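These notes concern the structure reproduced below.
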Amino acid sequence: MVRLSLLLLLLLLLLATLGAGCSVAPDGDAHLYIAALSQASSYEQARDLCRRIRQPTSRGDCGVAVEEAWDRLDPDECHDLAQGPPELALWRDECMFQLAERRRRAGDLDGALTACVDTRFSRRCAWHLIQDEAEASLDETPSTAELRLARFVKVRRLPDAPLQFWLIRFRTALAKGTVLDEGVCQGLASPSPCYQALDRATRVVLDAWLRVRPERACAVDGPGSGAGGAGISASWTPGPRINAFIGQWQNERCGVGAPPPRPGR
C-alpha cells in the first residue's frame, strides 16, 4: 500500500474538511487525527484519539501512523487495530507490513519474514524483503550472495524466491552499468534459478531494443557482433548460454510472421 507522507496527509484532511465549508470541529475526525499525530503527549493518548475517529479508513490509518511515530509497532498492537469494523483488518495487515520493513532495516530478517507471513500481503511483503537482500548483495560474490536465500525457504507464498532474487540482482546491476554475465551463475549451489533469471534479464534488454531499434536487435549476432548490434552487445559478456539465448530470441521475434514488439513495461 502506498502511504502518503504525514505532512501531506494532514494537509489533505484539512483541505477536505475546509473545502466542504466546515471548520475542524473539536470532535471531528480531522481534528482527532491531527491531535493524535501532533498534540498527544503519550502513545496511549494518541491511540485513544485515533480510536475515537468514526470513519474506519481514517481510524486505521491513524492507528498505524501513531504506532510508527511512537515506535510501538509490534504484533499485539497491530492485531489490536483489527478490533472493530471489518475494514480495519486491512490496517492490521498494513501495520504488519510496516513492522516487517522495520525489522528488516534493523537486521532482523527472520522477524521480518515472520511478520510478512502474518498478513494478507505476504507475497508482496516477502518480495520487498527479497529485493532488499538482492540489492544489498551487489558487492558480494555470487556464492556469498546465495547464502541470503536460505531464510526464504519457509515462505510458502514466495516459492520462486531464488528466481526473484537473481532477477532483481541482475536488473539492479544493469541499472548501475554492470553487464550481464553468465559466470555469475557458475559455481552456485543451485544455479538453475540464476540461469532462468539471466535469460529473463537478457530478454528484457533485447525486447527494449526491439521496440526502439528493431533493425539492431535483429541484426545482433551475439556479443561484440559488429555494427548491426552496436550498443546492444554492451549489455552482456560473451558466453555460450547468452549467445544461444540470443539466437533463440531472434528466431521467435525477428523471423517471418513474428509478433509485433511487446509494449514497454
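The values are calculated or read from the model by the stated rules, or taken from the named source; none is laboratory data. Computed from a predicted model, the values in this text were never measured in an experiment. Note: areas computed on protein heavy atoms with side chains; ligands, DNA, RNA excluded. Shrake-Rupley method; radii C 1.70, N 1.55, O 1.52, S 1.80 Å.
In segment 58-179, the portion of solvent-accessible area held by carbon and sulfur atoms comes to 51 percent [1.4 Å probe, whole percent, DNA, RNA and ligands not counted]. For Leu180, nonlocal amide neighbours, meaning residues 5 or more places apart or on other chains whose placed amide H falls under 5 Å from its own, are Trp236, Thr237.
The HN-Hα couplings worked out from phi for segment 212-218 by the Karplus form 6.51 cos²θ - 1.76 cosθ + 1.60 (θ = phi - 60°) are 9, 9, x, 5, 6, 4, 8 Hz, whole numbers, x standing for Gly and Pro.
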